[in-house]
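Engineer: First the structure, then my questions, so here it is.
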Amino acid sequence: MATVLTFGTFDVLHIGHLRILERAAALGERLVVGVSSDALNISKKGRAPVFSQAERLQLVAALRCVDEVFLEESLELKRHYLSAHGADVLAMGDDWKGRFDEFSDICRVVYFERTPAVSTTAIIEKIRL
Ligand code: CTP
């Protein structure tokens with residue numbers, strides 16, 4: 001039974017998020033999603049997500065293709081999260097292409113093409129305007 005793991009913020013859930021999760025799920029039998037914490041987003045992007053980590057965890061967990069969620073609290077712990085959840089595959093969007101190749105010693109690393117023309121940042125901007 002292959003376990004697939006992916007990471008992301010999944011704020012203001014949109015079609016690009018659903019599509020990557022469905023494609024990731026199709027690579028195995030169990031999809032585990034690391035949802036990044038509010039603190040991690042504040043330190044990484046300089047702003048808090050629109051939806052809290054508790055809400056984002058609940059929304060992602062409710063998707064049919066997702067089997068399990070956990071809170072990603074540090075960018076430095078990827079290797080630990082991969083082994084702790086028994087990941088056979090790490091799936092990421094190609095905005096991260098090459099950045100996770102270092103983990104190919106413990107799992108298969110797959111990059112998916114991003115869904116064009118949609119992002120959380122663009123949606124927030126559109127609503128602002
Ligand atoms: N993703 C995707 N297609 C999109 C947007 C995101 O495949 N159009 C993927 C990313 O590559 C990542 C996952 O969804 O693997 C979570 O991305 P996240 O950063 O949460 O979403 P973004 O919309 O990219 O958010 P932001 O605009 O804040 O960077």
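The values are calculated or read from the model by the stated rules, or taken from the named source; none is laboratory data. Note that this is a predicted model, so its numbers are computed, not measured. Ideal geometry is used to build each Cβ from the backbone, glycine not excepted, and the neighbour counts take in all protein chains shown. Areas reflect the complete protein model, heavy atoms only, side chains present, ligands, DNA and RNA absent. Shrake-Rupley method; radii C 1.70, N 1.55, O 1.52, S 1.80 Å.
Engineer: Examine the stretch 73-80 for a residue that is in contact (Cβ under 8 Å) with a residue 12 or more places away in the chain, outside any helix (DSSP H, G or I), loosely packed, with under 14 Cβ neighbours inside 10 Å and not hydroxyl-bearing (Ser, Thr, Tyr), and state whether such a residue exists.
Structural biologist: no
Engineer: Taking interchain pairs and intrachain pairs at least six residues apart, which have beta carbon atoms under 7 angstrom, with the first residue in the stretch 117-129 and closer than 14 Å to residue 13 by Cβ and part of a helix (DSSP H, G or I) and the second open to solvent by 50 Å² or more (accessible area, probe 1.4 Å) and among the aromatic types (Phe, Trp, Tyr)?
Structural biologist: From the stretch 117-129, no pairs qualify.
Engineer: Would you check if there is a residue in the stretch 72-82 being out of contact with any Ser or Thr (no Cβ under 8 Å at 6 or more places or on another chain), of a type in the set (Gly, Ala, Ser) and within 13 Å of the ligand (Cβ to nearest atom)?
Structural biologist: No, because not a single residue in the stretch 72-82 is out of contact with any Ser or Thr (no Cβ under 8 Å at 6 or more places or on another chain), of a type in the set (Gly, Ala, Ser) and within 13 Å of the ligand (Cβ to nearest atom).
Engineer: Do we find that residue 63 is closer than 17 Å to residue 18 by Cα and open to solvent by less than 70 Å² (accessible area, probe 1.4 Å) in this structure?
Structural biologist: When the stated conditions are applied, residue 63 passes them.
Here's the yes/no breakdown for (1) open to solvent by less than 20 Å² (accessible area, probe 1.4 Å); (2) assigned to a helix (DSSP H, G or I); (3) within 9 Å of the ligand (Cβ to nearest atom):
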{"site": "17", "(1), (2), (3)": "no, yes, yes"}
{"site": "21", "(1), (2), (3)": "yes, yes, yes"}
{"site": "24", "(1), (2), (3)": "yes, yes, yes"}
{"site": "27", "(1), (2), (3)": "no, no, no"}
